[in-house]
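The values are calculated or read from the model by the stated rules, or taken from the named source; none is laboratory data. Just so we're clear, the structure is a prediction, and the values are computed from it rather than from any experiment. Cβ placement follows ideal geometry from the backbone for every residue including glycine, while neighbour counts extend to all protein chains displayed. Protein only, heavy atoms only, side chains kept; ligands, DNA and RNA dropped before computing areas. Shrake-Rupley method; radii C 1.70, N 1.55, O 1.52, S 1.80 Å.
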Amino acid sequence: MTRLRRNPRGERAAKAVAGGARIRFDLAARAEDRGRPRRDPRAESAELLIGGHARPRLDRSGAAGAAPSSVEETAPTAPKIAVVESPAFLIAVVPDALGERLSQHDRQLFGAARMLAGADGAVVALVAGEVEGLASAGADRIVAIGEPGYDPEGRAAAIAGALSSLGLRYVLFPETSDGGDVARRLAVLSGEPLFSDVEQFSATSVSRAARGRRVEQRAASKRLMTVAADAVAAYAGPEREARPEPVAPAAPIKRAILDARRITADPATTPLTVADFVVSAGNGVTDLALFRRLAEALGATPGASRMLCDAGLMPRESQVGASGSVLTATCYFALGIAGAPQHLQGVAGCEHVVAVNTDLHAAMIERAGLAIVADAQDVMQALIAALKEEGA
Amino acid sequence: MKIVVLLSAGLHPVSGQSILPKVEAQALRLALALGEARGRHAGPTAFPASDALGHGLPHLVHVEIPAEADPVPALVATLEADQPDLILAGRRGQGGDETGLAPYAVASRLGMALVSDAIAVERGEADGTVIVHQALPKGARRRLVVRLPAVVTVHPDAPAPRAFAYGVARRGIVETRLAPPGLPAAERLEERPYRRRPKLMRSAPACGSASERLAAAMGATSSGVANVMVNPTPEEAARAILAHLRAIGVLPPKAA
Ligand SMILES: Cc1cc2nc3c(=O)[nH]c(=O)nc-3n(C[C@H](O)[C@H](O)[C@H](O)COP(=O)(O)OP(=O)(O)OC[C@H]3O[C@@H](n4cnc5c(N)ncnc54)[C@H](O)[C@@H]3O)c2cc1C
Ligand SMILES: Nc1ncnc2c1ncn2[C@@H]1O[C@H](COP(=O)(O)O)[C@@H](O)[C@H]1O
């Protein structure tokens, strides 16, 4: 099956004799161009087959066919890093980076910046302190703007300095309480137009809802923009360089916020819908006193499935699910919960799920990032003991 | 302490009727708890900002400007004369552009500090300071000590507004002032009717089969990567759970 594919047109053209008014061919001459090898579609699709399925399935992403041959070549080299050596323009992102890690919203912001930057531009992360994961999020450069901590006045002044010294084309902020605050300060400080709360984002224009979501306003991309959550997909390309760039320290300014102290939420009184960490009990939990002790030891807000709320064992406010609260927690810890669809609807927004259940085939186990098939009472006891041991 | 509350003309989120935005009525409650307060509204009519009189505001200054004019220069011109120590405003307007830029513009032109998203304001220990409790996401709070004069924007999590009372509304005073002439018109953006769009699926893989995308949309992540421990000892399970909770950052790191 390695016969070459013929190219009659090319062969004829090769035999043409130059000069003369009419086209003439030297039919005795041998064509040099033997054409490209003939394709064998049957063998190609056999290579794409992935096993383990009742019906034949093909992986057309290019991963399956290419992987076996290229493993030896690529293994010794480091993962490929995209570099923009001399960018035509700079696009800045100011992530919230609470606790020195990027949130999902921050990553989406980098996705938006990469969309604006294209191949020629570079994305600059303006961060205070060391933030992890900037390279994979899509940052080409890193510029420090002051120390970590709450200092919106200093931050706005530092970004205003960078705006002119680095000649930033766009600056993107997350539309959160802190990011939105700094963006508005910067807008009045620098006199640049601000387009806030962008819901529709493209490379050339942006739009936002106004008048109580009755109209949407559209404009060409403005220099300062705040982007709503889930407006743009996060960057998914190869890792970027994230090269630190030195800048002159900002001139000291007069601050009116004399002292700032963060007060963490009291998990016992936080409403479920805003809680960050929820530990929840279902029908598999029989010892509720132990469950409450565990919630307190973990510093988590207690929740429950409808079975326990209907039985009157937990208050109705703590019900998680379609007819209870829909969570926005970072982590959901489910003890003895089967994972009915009505319950899972309430958990859909949670980033991480940990489940403990005696049934390996429970839907909650399938949803969980860490699943423990064990008795919930024993695990709760061991968790409290482990936390006590660490505290002592 | 001279306190001014900025009151705008809002639209009801459902019916579209002219109302005083709820967050500004909440700002009024915070102001009245601190001392005597005055209201300030820039617009063609005093209504619906005059509804604040029923929520306990004794005196409203209405600066008359045309409907299409930018309210900020008019507010700044009249506030410069009064020199207030504290200005309270809403976090965002309601029914207008909803950019939340007006308090920032007022603060910068009056040379005042600004603090956002307050849910409580009290007098500070030192003279000329206030303590502001700021609402943060996920139920957290921040306690700030702020030097006056300052503009404070109020968050919807602040205490509910005082009840409306008709008799109190009748006793309140509305003082109308004329705005300085030559106000610039507010910038208008291109507008069209709002259209709902499909939501971005955060956890959805960009590629993958239809059933995988459906599973992602329903909240089930790819089951293949899940870390499942079958019948571990309770101690093993506890250690694995604590390590996982620390890795994702919801539990503080182990105290050494
Ligand atoms: C219209 C409608 C709305 C609903 N809305 C909601 C809602 O908002 N929220 C909600 O939660 N439910 C809701 N439900 C109910 C839902 O369908 C389920 O019935 C309910 O979620 C089941 O709760 P469960 O998982 O705690 O109990 P079960 O289904 O009884 O599951 C118990 C689980 O615990 C496990 N288990 C048992 N013993 C142990 C042990 N010792 N250790 C560890 N695991 C153990 C079992 O294997 C099982 O998986 C709704 C139902 C309807 C019809
Ligand atoms: N015309 C106005 N008169 C008085 N206060 C206003 C006016 N417009 C806006 N404000 C204040 O500024 C806040 C934010 O408004 P906006 O910038 O329109 O979102 C409002 O909650 C009001 O407190």
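None of A:V198, A:V131 is β-branched (V, I, T), more than 10 Å from every other protein chain (Cβ to nearest Cβ), under 29 Å from A:E85 (Cβ atoms) and within 19 Å of the chain's Cα centre (by Cα) except A:V131. On the stretch given as the stretch A:328-379, residues that are farther than 18 Å from A:L272 by Cβ, within 9 Å of ligand 1 (Cβ to nearest atom), part of a helix (DSSP H, G or I) and not small (G, A, S) total 5. The set of residues from the stretch B:60-115 being polar (S, T, N, Q) and either out of contact with any helix residue (DSSP H, G or I) (no Cβ under 9 Å at 6 or more places or on another chain) or away from ligand 2 (no atom under 12 Å from the Cβ) (or both) comprises B:T78, B:Q83, B:S108. Summed over the stretch A:356-386, residues that are in contact with a helix residue (DSSP H, G or I) (Cβ under 6 Å, 6 or more places away or on another chain) and either crowded, with 18+ Cβ neighbours inside 10 Å or more than 15 Å from A:R292 (Cα to Cα) (or both) total 12.
Yes/no matrix, rows are residues, columns are (1) within 14 Å of chain A (Cβ to nearest Cβ); (2) of a type in the set (D, E):
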| site | (1), (2) |
| --- | --- |
| B:K2 | no, no |
| B:A9 | yes, no |
| B:L32 | no, no |
| B:G35 | no, no |
| B:H59 | no, no |
| B:I65 | no, no |
| B:D70 | yes, yes |
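If only residues of the stretch B:228-254 that are open to solvent by 30 Å² or more (accessible area, probe 1.4 Å), at pLDDT 85 or above and not in a helix (DSSP H, G or I) are counted, the one that is farthest from the other protein chains (Cβ to nearest Cβ) is B:T233.
Determine, yes or no, whether A:L294 is within 16 Å of ligand 1 (Cβ to nearest atom), over 21 Å from A:A363 (Cβ atoms) and open to solvent by less than 60 Å² (accessible area, probe 1.4 Å). Yes: the conditions hold for A:L294.
Of all residues in the stretch A:299-312, exactly one satisfies the criterion of being under 18 Å from A:G391 (Cβ atoms) and either surrounded by 22 or more Cβ atoms within 10 Å (Cβ to Cβ) or within 12 Å of ligand 1 (Cβ to nearest atom) (or both), namely A:A300.
Among the residues of the stretch B:159-194, those that are surrounded by 10 or more Cβ atoms within 10 Å (Cβ to Cβ) and more than 30 Å from B:L57 (Cα to Cα) comprise B:L189, B:E190, B:E191, B:R192, B:Y194.
When residues in the stretch B:101-121 are screened for being assigned to a strand (DSSP E or B) and touching a residue at least 60 places away in the same chain (Cβ under 8 Å), 3 of them pass. For the stretch B:1-53, the tally of residues that are in a loop (DSSP other than H, G, I, E, B), without any contact (Cβ under 8 Å) to a residue 40 or more places away in the chain and open to solvent by less than 10 Å² (accessible area, probe 1.4 Å) stands at 1. A Cβ distance below 8 Å, combined with a sequence gap of six or more or placement on separate chains, defines the contacts here; from the stretch A:330-344, residues that are surrounded by fewer than 24 Cβ atoms within 10 Å (Cβ to Cβ) reach residues that are polar (S, T, N, Q) and not in a loop (DSSP other than H, G, I, E, B) in the pairs A:A338/A:N357. Out of the stretch A:316-329, which residues are more than 28 Å from the chain's Cα centre (by Cα) and either within 16 Å of ligand 2 (Cβ to nearest atom) or open to solvent by 70 Å² or more (accessible area, probe 1.4 Å) (or both)? Scanning the stretch A:316-329 gives A:R316, A:E317, A:S323.
Residues of the stretch B:55-68 that are within 14 Å of B:G167 (Cα to Cα) and within 22 Å of the chain's Cα centre (by Cα): B:H55, B:G56, B:L57. Could you run through the stretch A:224-238 and say how many residues are surrounded by 16 or more Cβ atoms within 10 Å (Cβ to Cβ), part of a loop (DSSP other than H, G, I, E, B) and in contact (Cβ under 8 Å) with a residue 60 or more places away in the chain? Adding up the residues that qualify gives 6.
B:R170 falls short on exactly one of the conditions (1) basic (K, R); (2) closer than 28 Å to B:S50 by Cβ; (3) in a strand (DSSP E or B), and that condition is (3). Where helices (runs of 4 or more DSSP H) sit wholly within the stretch A:71-166, those with at least 2 residues that are open to solvent by 40 Å² or more (accessible area, probe 1.4 Å) and out of contact with any Phe, Trp or Tyr (no Cβ under 8 Å at 6 or more places or on another chain) occupy A:152-165. Taking the conditions (1) open to solvent by 30 Å² or more (accessible area, probe 1.4 Å); (2) in contact (Cβ under 8 Å) with a residue 24 or more places away in the chain in turn, A:G180 satisfies each one other than (1).
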